[in-house]
Each structure stands twice: as C-alpha cells, then as structure tokens.
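Asks: One structure follows; several queries about it will come next.
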Amino acid sequence: MPIVRVFACECQPIVLEGLASLLGASPDLELAGSALSTDEVLATLSGAQPDVILVCEDFEAPVTAHHPGVLRSLAPQARLILWTNAPDSHPSALEIGFSGIVDKRRPVGVLLECLRAVAQGACWRDGHGELPEYGTRRGPPRLTRREREIALLVGEGRKNREIADTLSISPGTVKVHLMHIFEKAGVEDRLQLALLARRLLSPEPEEPARAEVEPALVDSVLK
C-alpha cells in the first residue's frame with residue numbers, strides 16, 4: 001500500500017501535534033513535515049517531498065488561502081488542500097490551485113478521506129465529497145483529445161494562460177475549448193469542471209478531433 005506523505009502548514013502547535021498523532025495511526029498516511037511559519041515552509045517544504053499539502057486558512061502571508069503559488073513552486077508535485085472553518089468563503093479555491101477544500105470542524109474521518117482522495121488525483125469540496133451531485137445524471141461526455149487535456153489541467157488548478165503555455169495554443173483557443181467542454185459536461189463554470197475532472201477523464205471513447213481553432217477566429221468569437 002503506497003504511503004501518502006502529508007505536509008501541514010498550520011499556525012497552532014497543538015493542532016500539528018494532534019495531526020501528527022492522527023496520521024501516525026493511519027497505515028497509509030504519514031506527516032512528512034510541518035511548518036508554523038512561512039520561514040519554516042521555505043526551509044523544509046522542498047526536502048519533505050510531500051504528496052499533499054494541507055494549508056490552514058489562517059497561515060501567514062505569503063502562504064495563504066488566496067496565494068498558493070509559493071507552495072506550488074516549492075513542491076510542484078504536491079496537491080494542495082485548504083483546511084478552513086468557512087469553506088463557503090473560498091469559492092474560487094479550486095480555480096487558483098487547490099485540489100481540495102475541507103472544513104476543520106468535520107470529523108477526522110472526513111479529513112482522512114479527503115487526503116486519500118486528493119492524493120489519488122481527485123478534487124474534493126467540503127459538503128460534496130469527491131464527486132458533486134451536479135452532472136451525475138449523465139455518463140462521462142465524449143471529449144476530444146484536446147478537450148480531455150484541458151479538462152485535466154483545469155482539474156489541477158491551472159489558469160487559462162498556464163494551460164495555453166503547456167499545450168502551445170493561445171488563451172483564446174483554451175476559452176473556446178472550455179465552452180465546448182462545459183456544454184458537453186453539463187457544468188456551468190471552472191469550479192464544477194474541476195470537481196468533475198476525474199470522472200470526465202475516465203476511460204471513454206474519444207470524439208474525433210476537430211481542427212484547432214485559429215486565433216483570429218477565436219478573437220472574433222470572444223469579442
């Protein structure tokens with residue numbers, strides 16, 4: 001059984017002690033490292049090589065719920081979970097780089113389930129779990145290869161510019177593909193797409209690939 005390595009950014013020592021005991025009692029989880037301050041994050045995160053980073057919403061800047069870029073640069077292989085007392089106060093967390101949002105007031109079993117699911121590539125939102133209710137009425141949509149690539153990158157929290165750079169296409173082309181994906185998947189925005197990304201990318205026949213949209217055409221569509 002692979003061990004999920006967790007790094008915790010938490011400003012309360014007593015919480016870190018409890019988390020260490022909790023993960024130590026789980027055969028498939030371990031606390032690979034922790035930090036009480038940004039200085040400790042900068043000093044220890046890269047060497048910890050975590051699979052998942054648990055981030056307290058009250059952690060000091062620049063490691064905050066609104067700016068996860070520091071963590072992503074130090075541990076690009078890790079997936080981020082926002083640990084918060086008010087999940088509804090962070091509606092865009094999945095869009096800016098987090099893969100999970102979990103309420104601190106939940107039972108410990110929910111936190112452990114979230115850690116395992118996110119480590120395996122899923123997105124998690126408190127109150128919805130691994131998969132949301134919307135969109136479950138239909139089977140996985142038939143996406144083209146390019147649409148599947150973009151859905152995967154959205155699920156990782158990438159922004160349009162990052163997706164465009166990764167796939168060597170224009171941001172406008174990304175927007176057009178996203179419109180097609182939203183329509184096929186029956187979702188309304190990037191948040192819902194991120195939550196459904198794992199299900200969308202389950203093995204399914206791909207639609208025949210259409211020609212890439214020309215940037216000039218994209219610009220005219222988006223104006």
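Please treat every number below as a calculation from the coordinates, not as lab data. Just so you know, these numbers come straight off a predicted model, no measurement behind them.
Asks: State the Kirkwood hydrodynamic radius of the range 138-181 in Å, one decimal place, computed from all pairs of distinct Cα atoms.
Replies: 10.5
Asks: Please express the Cα-Cα pair-distance distribution P(r) of the range 4-125 as a list of whole percents, one per 5 Å bin, running from 0 to the bin with the greatest distance.
Replies: 2, 12, 25, 29, 22, 10, 1
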